[in-house]
Every structure is written in C-alpha cells, then in structure tokens.
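Heads up: the structure comes next, in structure tokens.
The values are calculated or read from the model by the stated rules, or taken from the named source; none is laboratory data. Keep in mind it's a predicted model, so treat the numbers as computed, not measured. Ideal geometry is used to build each Cβ from the backbone, glycine not excepted, and the neighbour counts take in all protein chains shown.
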Amino acid sequence: MRTQGQTIKIIDYRQENAADAFVPKPAVLSSSGWDGIHLELHQQPKFDIAEHQHTMHVVVQGFANSSLSDSSGERWLDGKMITETRNHGDIAIIPAGISHRCNWNTSVQFMILAIEPTLLKQVGQDLVDGDRIELIPHFMTRQDTLIQGIFCALREELESSKIGGGF
C-alpha cells in the first residue's frame with residue numbers, strides 16, 4: 001500500500017479520459033454528457049492499477065475472457081485485500097473516497113459505472129431518509145442480476161448513442 005507522505009491519486013470521472021493515466025489502454029466506449037453518471041467499457045491487458053480514490057461512487061462489472069478461464073487478481077478496498085476469482089458478471093462496489101487498488105492476472109474486459117454521490121442521495125430520498133444511505137465497499141465476489149441488467153441497458157444506450165432517447 002501507500003508509504004508515509006505519499007499522496008493518493010484521484011480519479012474524477014467528471015473529467016474527460018479520467019482513467020487513462022491509471023490503465024494501459026483507453027476505454028473502448030465512454031459516455032459523455034450524462035448527468036450524474038458515467039459509463040466506460042474497458043478491454044485491458046494484464047495490469048496493476050496504483051492506489052487511488054474516486055470522487056464518484058463506482059460499480060464495476062467483470063466479463064468472462066473466452067480464451068482464458070482464470071481471470072483472478074487481487075483487490076484492496078479500504079485497507080483490506082482479497083484474491084478475487086472474478087467470474088463473468090461479478091460486481092465490485094467502490095464508494096467515493098475509499099482507497100482502492102487492484103490487479104488482473106490476464107487480459108480482461110470490464111465496465112465501470114460511476115455515480116455522483118448527490119444523485120444517489122437524491123434517488124434514495126424517495127425511498128428512505130437520504131442521510132441514512134450508506135454505500136458499503138464490496139469485493140468482486142458475487143453477481144447481482146439487477147445491477148447486471150442496469151449495466152446491460154446503459155451499455156445499449158451508450159452503443160446506440162441515444163441515452164434516454166425515443167424510438
């Protein structure tokens with residue numbers, strides 16, 4: 001992890017190409033102008049990303065690598081580390097401001113959904129007291145069909161360039 005006096009780098013998806021300095025290749029697809037959310041599709045070779053924090057809440061979905069069955073790696077979240085198997089569809093949750101780093105032992109495809117904390121709070125206020133909403137860090141160890149559906153719908157919108165558009 002970080003040494004004494006070393007500053008943690010920040011990824012702010014409100015900035016264009018924010019993750020480019022952290023990963024070997026730029027995103028294959030990236031949203032632009034979506035209010036409160038940002039979506040990226042990545043295809044990366046084996047890599048190790050430096051410790052960083054996000055200004056937005058981040059949800060990551062991994063995809064199976066058809067040529068290799070093992071797409072494991074290590075992830076550090078808020079000072080804890082585990083080795084993840086990373087099956088197709090597994091989800092990781094990285095709240096804004098949480099120290100994070102990871103590595104992948106093979107080439108990989110994954111999607112990142114970044115959500116403004118204020119947007120999550122606004123949406124949550126319709127259901128509960130907004131001050132009671134807490135996003136818990138979660139390693140990429142399980143699938144969530146609802147979140148997978150959201151990723152699929154947003155990816156289709158990004159590929160068609162018609163976010164929220166008509167027919």
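Condition check: modelled with pLDDT under 90 and under 23 Å from ARG14 (Cβ atoms). Does GLY130 satisfy that? Let's see the steps before the verdict.
Details: modelled with pLDDT under 90: yes; under 23 Å from ARG14 (Cβ atoms): yes.
The answer is yes for GLY130.
Say whether the condition of being closer than 19 Å to ASN105 by Cα, at pLDDT below 95, within 15 Å of the chain's Cα centre (by Cα) and not aliphatic (A, V, I, L, M) is met by at least one residue in segment 22-31.
Yes, segment 22-31 contains a residue that is closer than 19 Å to ASN105 by Cα, at pLDDT below 95, within 15 Å of the chain's Cα centre (by Cα) and not aliphatic (A, V, I, L, M).
Which of (1) within 23 Å of ARG132 (Cα to Cα); (2) outside any strand (DSSP E or B) is the odd one out, the single condition LEU113 does not satisfy?
Of (1) within 23 Å of ARG132 (Cα to Cα); (2) outside any strand (DSSP E or B), only one is false for LEU113: (2).
Within segment 72-91, is there a residue that is of a type in the set (A, V, I, L, M, F, W, C) and under 27 Å from GLY33 (Cα atoms)?
First pass over segment 72-91, keeping only residues of a type in the set (A, V, I, L, M, F, W, C): 76-77, 81-82, 91.
Okay, now just the ones that are also under 27 Å from GLY33 (Cα atoms), so 91.
Scanning segment 72-91 turns up at least one residue that is of a type in the set (A, V, I, L, M, F, W, C) and under 27 Å from GLY33 (Cα atoms).
Tell me, please, whether a residue that is in contact with a helix residue (DSSP H, G or I) (Cβ under 6 Å, 6 or more places away or on another chain), under 13 Å from TYR13 (Cα atoms) and of a type in the set (A, V, I, L, M, F, W, C) can be found in segment 44-56.
Here is the first cut: in segment 44-56, the ones in contact with a helix residue (DSSP H, G or I) (Cβ under 6 Å, 6 or more places away or on another chain) are none.
Checked against the condition, which is being in contact with a helix residue (DSSP H, G or I) (Cβ under 6 Å, 6 or more places away or on another chain), under 13 Å from TYR13 (Cα atoms) and of a type in the set (A, V, I, L, M, F, W, C), segment 44-56 yields no hits at all.
Is it true that some residue in segment 50-70 is surrounded by fewer than 21 Cβ atoms within 10 Å (Cβ to Cβ), of a type in the set (D, E, K, R) and more than 12 Å from the chain's Cα centre (by Cα)?
Checked segment 50-70: at least one residue is surrounded by fewer than 21 Cβ atoms within 10 Å (Cβ to Cβ), of a type in the set (D, E, K, R) and more than 12 Å from the chain's Cα centre (by Cα).
Just the residues that are surrounded by fewer than 17 Cβ atoms within 10 Å (Cβ to Cβ) and assigned to a helix (DSSP H, G or I), please, taken from segment 118-135.
Within segment 118-135, THR118, LEU119, LYS121, GLN122, VAL123, GLY124, GLN125, GLY130, ASP131, ARG132 qualify.
Among the residues of segment 136-154, are any among the polar types (S, T, N, Q), outside any loop (DSSP other than H, G, I, E, B), at pLDDT 90 or above and under 22 Å from PRO45 (Cβ atoms)?
No, because not a single residue in segment 136-154 is among the polar types (S, T, N, Q), outside any loop (DSSP other than H, G, I, E, B), at pLDDT 90 or above and under 22 Å from PRO45 (Cβ atoms).
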